[in-house]
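Working notes for the structure below.
Where a number appears in this text, it was derived from the coordinates with a stated rule and is not lab data. Source: prediction; values computed, not measured. Cβ placement follows ideal geometry from the backbone for every residue including glycine, while neighbour counts extend to all protein chains displayed.
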Amino acid sequence: VADVQANGGTLSERDMAEYKPFVWDGGLEFGYRGHTVRVPPFASAGLTSAMTLKLLNGFDIASMGH
């Protein structure tokens, strides 16, 4: 907090004390090459990322030098 304030920020001890993290338990989950991938739902790039990985799963990426 002191560092933020020293650099012009307005963060306070109270801000930190009152902070409540958002715990999200939704979204899309799928397997990709032996791993579980979790991405956020709806208005995010999660669905696009999932679709891209599913497409890439059909290619031998390692043989391409990547």
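Overview of values
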{"item": "Built amide H within the under 5 Å cut-off of Leu28, gap 5+", "result": "Val39"}
{"item": "Computed log₁₀ I(q)/I(0) - Debye formula, equal Cα scatterers, no solvent, the chain, q 0.14, 0.18 Å⁻¹", "result": "-0.66, -0.76"}
{"item": "Crossing angle, helix 46-56 versus the chain [Cα axis fit, 0-90 degrees, rounded to tens]", "result": "30 degrees"}
{"item": "Residue among Phe22, Val37, Ala6 farthest towards the positive dipole end of the range 1-46, charges placed on Cβ", "result": "Val37"}
{"item": "Summed residue charge, Cβ within 12 Å of Val4's Cβ, Lys/Arg positive, Asp/Glu negative", "result": "-3"}
{"item": "Length-normalised contact order for the range 25-66 - Cα pairs under 8 Å, 6+ apart - percent", "result": "29 percent"}
{"item": "Within the chain: Cβ-based charge dipole about Cα centre, in debye rounded to nearest 20 (Lys, Arg +1; Asp, Glu -1)", "result": "300 debye"}
